[in-house]
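> Dropping a structure here in structure tokens format, bear with me for questions.
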């Protein structure tokens, strides 16, 4: 059975220089209900996304843009992609604080992704992203720590996600973010993290969620370097969509 | 088998008078990786949330606070809760624009919730929130339209969610939002909506997601009247938690 492409996938690690920040006001309204006058312009109910459709799979694109000060060493982020089943994608972000202890922060994140990649088809993992985090973490021997997110697509359209820390994922459908993960932090700028040390978190601390994808959805997954520096509406704008939902613009 | 309370549940419909808004800056950093020095203070790995634990169920609390101009008619929001299985909760928000056509916007949302409530245990619904939206919508006869969100907890901890429009849900764990739904809108302030008219959306337009809950999680679910007027960190602060995750403060 032929797999239908769900999305153009952008794996992005953005490090954007401080620009003074942009002040943003969240809309505040006095009303508790919606205000548009019915009948509203709408997506015709005759052309909804298919609930039971063809098998789905991901198509991928990736960008790694290290922090300018980390370019020489290739940055501290790592990722892997796999076409197994509907597609698997994962991102890990090495905790930079380890550099103060003369440990290359990239080693742990890279080993974590390498181990996870080799375990994707493992029977005991059973295509469960939390279990994949567990087994990949257990297989590491490097000193360090990292945040991690793993997303695994079932061909029926269910995207299963497990995340420890502040890597993130967005699902963009028809020009808007319809699903978003939330970061886990101990306090500002100190995320939950898998570690070589006993004080770190484990797969048991992962937030586990899922979302039903439809053909044409675009996933954006990355480290906090992307989501701390680029607003969702900017990501949506950069991704862009054609009328059939096919991505026509990448994040660069 | 005794069900263990997952959470104190707050069903909130807030209509907060315009206060001029609060300007907020999203944190912007130059780094793409986390900055805290390891080992970080952490939640000991010896006391993680249980992955396979006792059966879970929801305990509920609810507040309905209509817009001041809508108090006389009781507001346009509606909800229902059910203890079936792990617990079911739903919110619908009647589209206020119908008032311009001399239609009480509350009628549709109330009937939608009434029908959904009566269908919770329906075999064909099969404890699927999207199917519940489908069948409840089909059962309505009122003129009007509404946004809707339905959340159904499996006793194994899986909270299944379907949403059409801009009602929302947050999962709060240990003082932070770890899961959040995203609104569906045609354009600013005009959400996707189920309608008595053919131009509206259907269950096929629902965003369907799920999240694994653990004991002590707090859910906050409500209409856009809550989430447009109260920031997530304000919700977290209002909810509060004790060290064991049990809610000790409600949203009022």
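Taken together, the values in this text are just the output of simple stated rules run on the coordinates, not laboratory data. This structure is a prediction, so every number in the text was calculated from the model and none was measured. So basically every Cβ, Gly included, is an ideal-geometry build from the backbone, and we count neighbours across all protein chains shown.
> Could I get the Rg over Rh figure for the range A:66-213? Both from C-alpha atoms, Rh via Kirkwood, rounded to two places.
0.97
> Contour minus end-to-end for residue A:63 and residue A:83, with contour as 0.36 nm per residue of separation and end-to-end as the Cα-Cα distance?
Additional length available on full extension: 5.4 nm.
> Rg (Å, one decimal) plus Dmax (Å, integer) for the alpha carbons of the range B:156-220?
Here Rg and the maximum Cα pair distance are 14.0, 44 Å.
> Also: Treating the point 7 Å from Cα along Cα-beta-carbon as the label, what are the nm separations from residue B:238 to the other copies, to one decimal?
Counterpart label points of residue B:238 in the remaining copies fall at 3.4 nm.
> Using a 7 Å offset from the Cα along the Cα-to-Cβ direction at both residue B:138 and residue A:121, what is the distance between the two label points in nm, to one decimal?
Reported label-point gap for residue B:138 and residue A:121 is 4.2 nm.
> Starting from the Cα of residue B:101, step 7 Å along the direction of its Cβ; do the same at residue B:189; then give the gap between the two resulting points in nm.
With each label point 7 Å from Cα toward Cβ, the separation is 2.0 nm.
> Moving on. Residue by residue through B:69-82, how many Cβ atoms from other chains fall within 10 Å of the Cβ on average?
Counting Cβ atoms of other protein chains within 10 Å of each residue's Cβ and averaging gives 1.
> Need one value for A:204-216: mean number of C-beta atoms belonging to other chains within 10 Å of its residues' C-beta atoms.
Average per residue, whole number: 6.
> Continuing with this model, one more query. When ranked by the protection proxy of mean other Cβ atoms within 10 Å per residue, highest first, what sequence do the peptides B:188-198, B:120-130 form?
Ranking the peptides B:188-198, B:120-130 by packing returns B:188-198, B:120-130.
> Here is a further query. Place the label 7 angstrom along Cα→C-beta at residue A:82 and in each other copy, then list the distances from the first to the rest in nm, shortest first.
3.8
> Can you give the mean number of other chain Cβ atoms that lie within 10 Å of the Cβ atoms in peptide A:178-188?
Taking the mean over all residues of the peptide, I get 6.
> How do B:217-223, A:95-101 rank on mean C-beta neighbours within 10 Å, highest first?
Top of the packing list down: B:217-223, A:95-101.
> Using a label position 7 Å from Cα in the Cα→Cβ direction, what is the ascending list of nm distances from residue A:138 to the same site in the other copies?
So the label point of residue A:138 gives 4.6 nm to the other copies.
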